[in-house]
Amino acid sequence: MVAITQEAPNAKTFRLALPNPVAHLPGQHYVVRLTAPDGYRAQRSYSVASAPEASGEIELTVERLPDGEVSGFLHDALEVGDELEVRGPIGGWFVWRGGEPALLVGGGSGLVPLMAMVRHARALGRADLLQVVVSVRTPAELYYAAELVGPDAPPSPAVTVVHTRVAPPGSARPAGRLSAADLPAVGAGTTVYVCGSNGFADAATDLLLAAGTPTEQIRVERFGATA
Amino acid sequence: MDVTKGFFGRSRERDPRLPPGQYDTGSGWPVLTAEATPSIDTADWTFAMKGLVGQRTTWTWDEVQALPPSTYEGDIHCVTTWSKLGVSFAGVSVDTLLAAAGGAQPSATHVLVECHTGYTTNLPLADVTGGKAWLTWEFDGQPLAREHGGPARLLVPHLYFWKSAKWASALRLLDHDEAGFWEQNGYHDRGDPWLEQRYQGD
């Protein structure tokens, strides 16, 4: 564990140095496995936030879940210098390889795998291929804010931030759920990557389908339980 | 195995129904789908047994409902580490579907499950025969919800749940193994939760 930074009130980014690095594809995840002294284990999957260009290191941004066995340990007990068992990179579907136009639609911590795509695109000098729409409850809950919307953020890709509960002062868009007006038109050659909770993923895909985006152009990564 | 410094985990009162590395999701039922959730009208729905079967057979919604019913009561296990214990599904046994299609040809060794969305998953034939697999349309006495694969999904509860393909449209019997959607993307060809066959190489 090389560095731990607070990403948002409820999220930390963990930077790990890998003993045997394998370049990941933006959108892939790692499994983190914890083992207790008696052999009891718990494991969870976390998306990589960093670009594959960050050689030998990966960053995982983890939201602390209420009563989260693994996220709670990572947030409260893990320290820089500790060793962590990870496995990856995993996944070959929810990945952006850097060549085609893409619309990235993230809700809350669903931004994490999309950020790997943004960082990769910038490293390639092809951020123009991407558009980003991210939904957060409040401004403080936007991960990577300085890189996306801050005064020093690069101009590309275009980033739309949707605030569902509290909008920043002076915001032209009042707080409210993601709507059709928040989503740009999707061209025929564009792939849409949707990542977030089940509720968010369903709402976003329903809006996209209603706007005429073919199912084949939409890739979805979901997390969380239904009621 | 290396112990994680500072990790002691939750209570050790582990339910013996939980395979290694799994946790009980309780009353929740996480939804994991790589695609947009389709809306499939039962009027347009069909299911087929094809490939190396006695005769290719296709059922409409009303026809499949008229087959002898069969139920599963037990547990399901997702590769993303949740398990759901003590669930019940109702539908028809794959054995019934296969018998109605004239049985498997002697050369058949594997099946590829096809879906209305284009999703596929592969299994050894022996994992869907002998009372181990169902085509289901009812969960805990209610019609199977759209996000959980309704109107009908495959159910292969002794394997990780990605094998229990949502919105299933056909079983294709093959004389060889052919990797499905997640299997091409690094997941295990068989997926036995008790052996933790999560990814290729496990």
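Laboratory data are not the source of any read-out in this text; all were calculated from the coordinates shown. In this text the structure is predicted, and so the values were computed from the model without any measurement. A quick note on method: Cβ atoms are made from the backbone with ideal geometry, for glycine too, and the neighbour counts reach across all protein chains shown.
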Return, for the Cα atoms of the range A:41-111, the radius of gyration and Dmax in Å, separated by a comma. 14.2, 41
Using θ = phi - 60° and the Karplus relation 6.51 cos²θ - 1.76 cosθ + 1.60, list the HN-Hα couplings for the range A:50-62 in order, rounded to whole Hz, with x at every Gly or Pro. 7, 7, x, 5, 6, 5, x, 10, 10, 10, 10, 9, 10
In the protein assembly as shown, taking the dipole from +1 charges on Lys and Arg beta carbons and -1 charges on Asp and Glu beta carbons about the Cα centre, the listed residue (A:32, B:4, A:170) farthest towards the positive end is A:170
Provide the per-residue ³J(HN,Hα) series for the range A:11-24, in order, calculated from phi with Karplus coefficients 6.51, -1.76, 1.60 and θ = phi - 60°, each as a whole number of Hz, with x at glycine and proline positions. 9, 10, 9, 10, 9, 10, 8, 9, x, 10, x, 10, 5, 8
Provide the packing ranking of A:57-65, A:105-113, i.e. peptides ordered by the mean count of other C-beta atoms within 10 Å per residue, highest first. A:105-113, A:57-65
Log10 I(q)/I(0) at q = 0.12, 0.15 Å⁻¹ for the range B:42-195, from Debye over equal alpha-carbon scatterers, is -0.44, -0.72
Across peptide A:36-45, what mean number of C-beta atoms from other chains lies inside 10 Å of a residue's C-beta? 6
In this model, which of B:50/B:132; B:5/B:166; B:84/B:132 are farther than 28 Å apart at the alpha-carbon? B:5/B:166
Averaging over all projection directions, find the projected area of the Cα convex hull of chain A and quote it in nm² with one decimal place. 13.2
Indicate, rounded to the nearest 5 percent, the antiparallel portion of the DSSP beta bridges found entirely in the protein assembly as shown. 65
Once residue A:76 and residue A:211 are pulled to full extension, the length gained, defined as 0.36 nm per residue separation minus their Cα-Cα distance, is 44.3 nm
Rg/Rh ratio calculated on Cα atoms of the range A:157-208 (Kirkwood radius): 0.98
Averaged over the residues of A:212-223, the number of partner chain Cβ atoms within 10 Å of each residue's own Cβ comes to 3
Restricting to aspartates and glutamates and to Cα separations under 15 Å from residue A:12, and discarding same-chain partners fewer than 8 apart, the set is A:59, A:63, A:76, A:79, A:141
To the nearest 0.05, how large is the calculated FRET efficiency for residue A:179 and residue B:66 if R₀ is 41 Å and r is the Cβ-Cβ distance? 0.40
Short version: what are the Cα gyration tensor semi-axes of the range A:57-97, square root of 5 times each eigenvalue, largest first, in whole Å? 23, 15, 9
Just counting partner chain Cβ atoms within 10 Å, what average do the residues of peptide B:144-153 show around their Cβ? 1
Take peptides B:143-151, A:42-50 and line them up by average Cβ neighbours within 10 Å, highest first, as a rough protection proxy. A:42-50, B:143-151
With only alpha-carbon pairs counted, each pair once and no self-pairs, how large is the Kirkwood hydrodynamic radius of the protein assembly as shown in angstroms? 22.9
Can you list the residues, at least 5 places off or on another chain, whose amide H is less than 5 Å from the amide H of residue B:187, using H built in the peptide plane? B:200
